[in-house]
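Encoded as structure tokens, the structure appears first; notes follow it.
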Amino acid sequence: AQKVTQAQTEISVVEKEDVTLDCVYETRDTTYYLFWYKQPPSGELVFLIRRNSFDEQNEISGRYSWNFQKSTSSFNFTITASQVVDSAVYFCALIGEFGNEKLTFGTGTRLTIIP
Amino acid sequence: DSGVTQTPKHLITATGQRVTLRCSPRSGDLSVYWYQQSLDQGLQFLIQYYNGEERAKGNILERFSAQQFPDLHSELNLSSLELGDSALYFCASSPSDLGRQPQHFGDGTRLSIL
């Protein structure tokens with residue numbers, strides 16, 4: 001069975017601080033894919049990134065960066081120089097390549113950026 | 001804008017009633033997924049359709065059903081509604097039935113049962 005754990009329920013930081021959102025996953029699949037989604041206060045779910053299990057290179061997109069470590073089954077998300085617009089709930093999700101095509105979401109981390 | 005369209009945005013109804021939620025996938029996407037987001041259950045996968053055929057089933061109640069039409073839009077039917085069915089229902093789409101392709105979500109339909 002697949003499982004995604006986001007232990008941080010809520011995080012608050014002051015604007016311009018860096019913040020890291022943790023994601024730990026469990027799967028028996030050899031090939032799998034990890035995702036991050038953002039849900040702003042308006043409610044929609046926005047796709048941010050996908051990472052496959054064979055690519056452990058870190059990825060950076062502007063102020064966003066992702067650190068995938070297979071050894072610790074973690075896929076953490078860092079926002080650098082946070083802004084108020086980053087306030088949202090962030091979800092980490094996992095899907096296996098074969099046998100289990102259900103996208104499993106973590107419980108989400110509510111991030112509040114204080115101006 | 002994800003390109004996935006869900007209607008209506010809000011729905012208020014009473015217990016015991018039946019409602020239909022509609023979803024139009026992104027242009028070219030063949031897979032449609034339905035999810036339920038509630039405070040106590042989080043984001044739960046309900047069901048997937050691929051090119052008109054049911055492909056995967058999740059935690060979908062027997063009172064709920066879905067279908068995907070030849071034009072690829074999908075409808076989620078919820079019947080004998082209970083208070084606990086109040087939730088945000090999302091539709092998502094992807095180009096194929098491959099799990100590795102990101103799912104793009106609509107804005108959701110907020111269902112309130114009174």
- prompt: Of all the accessible heavy-atom surface of chain B, with the other protein chains kept in place and a 1.4 Å probe, what percent is carbon and sulfur?
  reply: 46 percent
- request: Under 1.5 on a/c is rounded, so check that first for region A:1-46, then, if it is not, pick prolate when a/b is larger than b/c and oblate when it is not; a ≥ b ≥ c are the square roots of the alpha carbon gyration tensor eigenvalues.
  value: prolate
statement: Output row A,B: buried area (accessible, probe 1.4 Å, summed both chains) in Å², nearest hundred, equals 1500 Å²
query: Taking only protein heavy atoms and a 1.4 Å probe, what accessible area per residue, in Å², does chain B have with all protein chains in place?
result: 47 Å²
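List the relative contact order of region A:21-86 as a percent without decimals, with contacts defined as Cα pairs under 8 Å and 6+ residues apart.
Relative contact order of region A:21-86: 33 percent.
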field: Whole-number accessible area per residue in Å² for chain A, which is evaluated in the context of all protein chains at 1.4 Å
entry: 49 Å²
- request: Give the total of Lys-Lys pairs in chain A with Cα-Cα distances below 21 Å; include a pair only if its members are 8 or more places apart or on different chains.
  value: 6
field: Potential extension, B:Q41-B:A14 segment - 0.36 nm per residue separation minus Cα distance
entry: 7.6 nm
- prompt: Considering only DSSP beta bridges with both partners in chain B, what is the antiparallel share in %, to the nearest 5?
  reply: 90 percent
query: What number, in percent, do you get for the relative contact order of region A:70-115 if the mean sequence gap of Cα pairs under 8 Å and at least 6 apart is divided by its residue count?
result: 42 percent
field: Drop in accessible area of at least 40 Å² in the complex versus isolated chain, residues of region B:69-109, 1.4 Å probe
entry: B:G99, B:R100, B:P102, B:Q103, B:F105
query: Between exposed trypsin sites (Lys or Arg not before Pro) in chain B, where DSSP calls loop and at most 11 other Cβ atoms lie within 10 Å, what's the longest gap?
result: B:19-114
message: I'd like the FRET efficiency for B:S65 and B:D1, computed as 1/(1 + (r/R0)^6) with the beta carbon distance as r and R0 of 25 Å, rounded to 0.05.
response: 0.30
- prompt: Where a Cα-Cα gap under 13 Å defines reach, which aspartates and glutamates qualify for B:K9, not counting those fewer than 8 residues away within the same chain?
  reply: A:E44, B:D107
query: With each pseudo-label sitting 7 Å past Cα toward Cβ, what's the A:V84-A:D22 distance in nm, one decimal?
result: 3.0 nm
task: Take the alpha carbon gyration tensor of chain A, find the square roots of its eigenvalues, order them as a ≥ b ≥ c, and report rounded if a/c is under 1.5; if not, report prolate when a/b exceeds b/c, else oblate.
output: prolate
- prompt: Hey, what did chain B get for relative contact order, percent, Cα under 8 Å, at least 6 apart?
  reply: 37 percent
field: Charge tally in the Cβ shell below 12 Å around B:Y89, where Lys, Arg are +1 and Asp, Glu are -1, B:Y89 excluded
entry: 0
- request: Any chance you could check the Cα centroid distance between region A:8-46 and region A:58-112 for me, in angstrom?
  value: 4 Å
message: Please give me the summed charge of the neighbours of A:F35: other residues whose Cβ is under 12 Å from its Cβ, Lys and Arg +1, Asp and Glu -1.
response: +4
message: Suppose each label sits 7 Å from its Cα in the direction of the beta carbon; what would the A:T107-B:L114 distance come out to in nanometres?
response: 3.3 nm
- prompt: Which of rounded, prolate, oblate describes chain B, given a ≥ b ≥ c as roots of the alpha-carbon gyration tensor eigenvalues and a/c under 1.5 marking rounded, otherwise prolate only if a/b is larger than b/c?
  reply: prolate
query: Using a 1.4 angstrom probe with every protein chain in place, what is the largest-first accessible-area order of A:K70, A:K38?
result: A:K70, A:K38
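The values are calculated or read from the model by the stated rules, or taken from the named source; none is laboratory data. Quick caveat: nothing in here was measured; it's all calculated off a predicted structure. Neighbour counts run over all protein chains shown; Cβ positions are idealised from the backbone, glycine included. All accessible areas refer to the heavy atoms of the entire protein, side chains included, with ligands and DNA or RNA removed. Shrake-Rupley method; radii C 1.70, N 1.55, O 1.52, S 1.80 Å.
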